[in-house]
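Below: one structure, written as structure tokens.
The values are calculated or read from the model by the stated rules, or taken from the named source; none is laboratory data. Everything numeric here is computed off the predicted structure, so don't read it as measured data. No Cβ is skipped: glycine too gets one built from the backbone with ideal geometry, and neighbour counts run over all protein chains shown. To get the accessible areas, we keep the full protein, side chains included, count just its heavy atoms, and leave off ligands, DNA and RNA. Shrake-Rupley method; radii C 1.70, N 1.55, O 1.52, S 1.80 Å.
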Amino acid sequence: MNNMKHNYSGGCHCGDVKFTIRGKPVWKVNCYCNWCQTTSGGPFRSFVLFNEENIKFIGQEPKSYEDKNTTHGRPMINQFCSNCGTLIGIKVPSIRERHIAIGALDQRKQIEIDCNIWATEALNFIAFPDNADVYKTGYWNGTGEKI
Ligand SMILES: [Zn+2]
Ligand SMILES: [Zn+2]
């Protein structure tokens with residue numbers, strides 16, 4: 001079954017970690033929280049969420065760093081290539097779907113992110129587009145307070 005159909009593919013910069021994904025994204029979100037800033041080195045992280053069972057790793061699985069003492073009280077597992085450091089995504093133990101980092105997806109240019117969370121922690125130079133949902137905090141779409 002080498003020719004199993006998939007909709008998305010991706011991996012890390014050096015090629016050690018590779019994956020294929022079947023199905024559609026469950027959610028597409030930018031997160032501006034402090035944790036995403038300090039774990040990425042950037043002002044925010046962009047995630048595309050997929051059902052865990054639709055993601056298949058080929059070759060090496062990403063390395064996991066579990067942080068149990070996050071400021072928002074939710075344990076987070078950062079996942080990255082142990083060789084080149086590319087962020088592959090995160091696992092949030094309380095959420096079934098896996099967050100895939102948009103930069104790890106080959107099809108990233110076709111993905112529109114339409115939701116923004118943790119705007120209260122966004123850096124000063126961040127501007128949100130008029131047509132995007134912006135939430136003060138997290139986590140699930142539609143459950144928080146909008147700005
Ligand atoms: Zn790598
Ligand atoms: Zn975040």
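Filter the GluC sites (Glu not before Pro) in region 89-123 to those in DSSP coil with at most 10 other Cβ atoms within 10 Å of their Cβ, and list the result. Working shown, then result.
Values: sites: 97, 112, 121; in loops: 97, 112.
Within region 89-123, the qualifying GluC sites (Glu not before Pro) (loop, at most 10 other Cβ atoms within 10 Å) are 112.
Just round it to a whole percent: the fraction of Cα-Cα distances in region 20-119 exceeding 20 Å. Numbers along the way, then the final one.
On the way: 1621 of 4950 pairs.
Of the Cα pairs, 33 percent sit more than 20 Å apart.
Under a Cβ-Cβ cut-off of 13 Å, what is the net charge of the residues other than residue 138 that fall near it, where Lys and Arg count +1 and Asp and Glu count -1? Intermediate values should be presented prior to the final figure.
Details: positive: 45, 74, 136, 146; negative: 121, 133, 145.
Summing Lys and Arg as +1 and Asp and Glu as -1 gives +1.
Using DSSP, restrict attention to beta bridges with both residues in the chain and report what percent are antiparallel, rounded to the nearest 5. All intermediate terms of the calculation are to be shown ahead of the outcome.
Working: 31 of 36 bridges.
Antiparallel: roughly 85 percent of the beta bridges in the chain.
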Inset, instruction - Heavy atoms only, probe 1.4 angstrom, no DNA, RNA or ligands counted: give me 99, 72 ranked by accessible area, highest first. - result: 72, 99
Legend entry - Modelled label reach - residue 60, point 7 Å along Cα→Cβ, region 70-112 residues with backbone N closer than 19 Å: 78-91, 101, 103-106
Inset, instruction - Rounded to whole Hz and in sequence order, give me ³J(HN,Hα) for region 32-39 from the Karplus expression 6.51 cos²θ - 1.76 cosθ + 1.60, θ = phi - 60°, writing x for Gly and Pro. - result: 9, 6, 4, 5, 5, 5, 6, 8
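Filter 109/136; 91/146; 24/136; 24/146; 24/63; 24/109 down to the pairs with a C-alpha to C-alpha distance above 18 Å, please.
As for pairs spanning more than 18 Å Cα to Cα, those are 109/136; 91/146; 24/136; 24/146; 24/63.
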Inset, instruction - Using just the helices of the chain, give the 222 nm mean residue ellipticity in deg cm²/dmol: DSSP H runs with n ≥ 4 each add -39,500 (n - 2.57), and the total is spread over all residues, rounded to 500. - result: -1000 deg cm²/dmol
Legend entry - ³J(HN,Hα), Karplus 6.51/-1.76/1.60, whole Hz, each residue of region 47-63, x for Gly, Pro: 10, 10, 8, 10, 5, 3, 6, 8, 9, 10, 8, 10, x, 6, 7, x, 6
